[in-house]
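In what follows, a single structure is set out as C-alpha cells and then discussed.
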Amino acid sequence: MANSVLKLPEESLKRLIEHYRNKEINTKNPHARFAAKLPDTMVTVYSSGKVMFQGAGAERETAKWGVADRSKEKTSKAKGDELPPDFATRSVLGSDETGTGDFFGPITVAACFVPARQVELAKELGVKDSKQLTDEYMRKIAPDLKAAFPHSVLTLSNEKYNQVQAQGWSQGKIKALLHNQALKHVLRKMAPEKPEAILIDQFAERGIYYRHITQEQDIVRENVLFSTKAENLHVSVACASIIARVAFLEEMDRLSKLAGVILPKGAGAIVDEAAAKILLSRGEGFLKSITKSHFANTKKAQTLASKKKRT
Ligand code: MN
C-alpha cells in the first residue's frame with residue numbers, strides 16, 4: 001500500500017501533528033494544514049480533517065492512528081503489480097520518462113539502478129518524492145545521482161519524435177521502446193550483477209507495453225514489474241525520474257538558446273503564444289524542429305500568428 005487516508009477528529013489531529021512536529025516541512029499545498037516528511041513516508045494533514053500517508057511506510061504510520069478509509073484509498077492507491085512489503089529496501093532497477101505532455105522539447109527516459117545497500121545513500125543525496133522537487137533542486141542533485149548509480153538516459157530529439165510519430169507510432173510505443181532501451185543499457189553496465197526486480201513507472205499495462213515492443217531484438221522481461229506512482233515505491237524510480245527530468249531541462253535550455261527565448265513547458269496558452277511568436281519570426285520549419293508538432297498547439301499557434309499578422 002503506497003497511500004492511505006484517514007479522517008480524524010480534531011483532537012486526534014492535534015495529537016498527530018504534535019507527534020510529527022519535529023519532521024515538519026513546508027508545504028505549498030493550499031489545502032494542507034500540516035505536512036511532515038519521514039524517511040519513508042509523507043504525512044499531510046488537510047484542512048478537511050483528512051490525513052494522507054504516502055510512501056513505503058504509509059501502512060505502518062496509518063496503523064498508529066486508526067483504520068484507513070478504504071474508499072478513499074482506492075482512488076489514490078497506485079495501480080499495477082502487487083509489490084512485496086519490503087520492496088523499498090530491495091535492489092531495484094527503475095525507469096521513468098518525462099516531456100510527454102510538453103509541446104516544446106523532447107521526451108526523455110531514464111533508468112537507474114539502486115542496490116539495497118545504497119537505498120539510504122540515494123535519500124542522503126536528496127531524493128524525495130519527485131512531485132515535491134523543484135526543477136532547480138533536481139538540477140543540483142542529478143550529477144551526484146549520476147555519479148553514484150548505474151544509469152542510462154535517452155533524449156529523443158523533436159526531429160526524431162516527429163518522424164516516428166508521422167510513421168504512425170503512438171506515444172505509448174515511443175515510450176515503451178525508450179524504456180526497454182534504457183533498461184537494457186543499465187543491465188549491460190551492471191552485469192554480472194542483476195537487480196532483484198525491475199520497476200517501470202506504469203504508463204501502459206504490461207500486455208500493451210510488450211505489444212509495443214514485439215519487434216525489438218532484445219526485450220527486457222525478467223522480473224519486470226509495473227506500477228503507477230512507482231517513484232514512491234522505490235527510490236530507483238525516483239532517481240530515474242530526476243535524471244530524466246534534468247535531461248529534459250537541459251535540452252529545453254539548448255532549444256531555448258536556439259530559439260532566442262525561454263521556451264515554456266507544458267501545452268497551455270502560454271505555449272501557444274510563444275509558439276506563435278516563433279512561427280512569425282522563424283517560420284514553420286524551425287518551430288516544428290523544436291516541438292512535438294502533432295500537438296494541437298501547432299494549429300492554435302498558426303491561428304494566433306495569422307491574427308497577429310493582420311493587426
Ligand atoms: Mn512516469
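The values are calculated or read from the model by the stated rules, or taken from the named source; none is laboratory data. Remember, it's a predicted structure, so these values are computed and weren't measured experimentally. As a convention, Cβ positions derive from the backbone with ideal geometry for all residues, glycine included, and neighbour counts pool all protein chains shown. We work out accessible area using only protein heavy atoms, side chains counted, and drop any ligands, DNA or RNA first. Shrake-Rupley method; radii C 1.70, N 1.55, O 1.52, S 1.80 Å.
Quick notes on this structure:
- Residue list for the stretch 238-250, filter: more than 9 Å from the ligand (Cβ to nearest atom), touching a helix residue (DSSP H, G or I) at 6+ places or on another chain (Cβ under 7 Å) and of a type outside the set (D, E, K, R): A238, C239, I242, I243, V246, L249
- Only listed residue being touching a Leu at 6+ places or on another chain (Cβ under 6 Å) and hydrophobic (A, V, I, L, M, F, W, C), chosen from V237, V271: V237
- Single condition Y210 does not satisfy, out of (1) within 16 Å of the ligand (Cβ to nearest atom); (2) surrounded by 15 or more Cβ atoms within 10 Å (Cβ to Cβ): (1)
- In the set V246, V271, only one residue is assigned to a helix (DSSP H, G or I), modelled with pLDDT of 95 or more and closer than 30 Å to A58 by Cβ; that residue is V246.
- Odd one out for E222 among (1) away from the ligand (no atom under 16 Å from the Cβ); (2) open to solvent by 10 Å² or more (accessible area, probe 1.4 Å); (3) touching a strand residue (DSSP E or B) at 6+ places or on another chain (Cβ under 9 Å); (4) under 22 Å from R139 (Cβ atoms): (4)
- E136 vs. criteria of a type in the set (D, E) and either within 16 Å of the ligand (Cβ to nearest atom) or in contact (Cβ under 8 Å) with a residue 40 or more places away in the chain (or both): no
- Applying the criterion of at least 2 residues that are at pLDDT below 95, at positive phi and open to solvent by 50 Å² or more (accessible area, probe 1.4 Å) to the helices (runs of 4 or more DSSP H) found wholly in the stretch 117-171 leaves an empty list.
- Taken as a whole, the structure places N232 among residues that are within 16 Å of the ligand (Cβ to nearest atom) and among the polar types (S, T, N, Q).
- Enumeration of residues in the stretch 1-21 that are free of Cβ contacts under 8 Å to residues at least 24 places away in the same chain and surrounded by 16 or more Cβ atoms within 10 Å (Cβ to Cβ): Y20
- Inter-residue pairs, beta-carbon under 6 Å, first open to solvent by less than 60 Å² (accessible area, probe 1.4 Å) and in the stretch 22-37, second among the acidic types (D, E), 6+ apart: A36/E24
- Of the residues making up the stretch 89-111, those that are away from the ligand (no atom under 13 Å from the Cβ) and either closer than 18 Å to P150 by Cβ or open to solvent by 10 Å² or more (accessible area, probe 1.4 Å) (or both) number 6.
Yes/no per residue for (1) charged (D, E, K, R); (2) in a loop (DSSP other than H, G, I, E, B); (3) open to solvent by less than 20 Å² (accessible area, probe 1.4 Å); (4) more than 30 Å from L187 (Cα to Cα):
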site: C239; (1), (2), (3), (4): no, no, yes, no
site: M252; (1), (2), (3), (4): no, no, yes, no
site: K257; (1), (2), (3), (4): yes, no, no, yes
site: P264; (1), (2), (3), (4): no, yes, no, yes
site: A275; (1), (2), (3), (4): no, no, yes, yes
site: G285; (1), (2), (3), (4): no, no, no, yes
site: F295; (1), (2), (3), (4): no, yes, no, yes
site: T298; (1), (2), (3), (4): no, no, no, yes
site: K308; (1), (2), (3), (4): yes, no, no, yes
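Condition check ((1) part of a helix (DSSP H, G or I); (2) surrounded by 20 or more Cβ atoms within 10 Å (Cβ to Cβ); (3) acidic (D, E); (4) within 15 Å of the ligand (Cβ to nearest atom)) across all residues:
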{"residue": "L177", "(1), (2), (3), (4)": "yes, no, no, no"}
{"residue": "L183", "(1), (2), (3), (4)": "yes, yes, no, yes"}
{"residue": "V186", "(1), (2), (3), (4)": "yes, yes, no, no"}
{"residue": "P195", "(1), (2), (3), (4)": "no, yes, no, no"}
{"residue": "T214", "(1), (2), (3), (4)": "no, no, no, no"}
{"residue": "S236", "(1), (2), (3), (4)": "yes, yes, no, yes"}
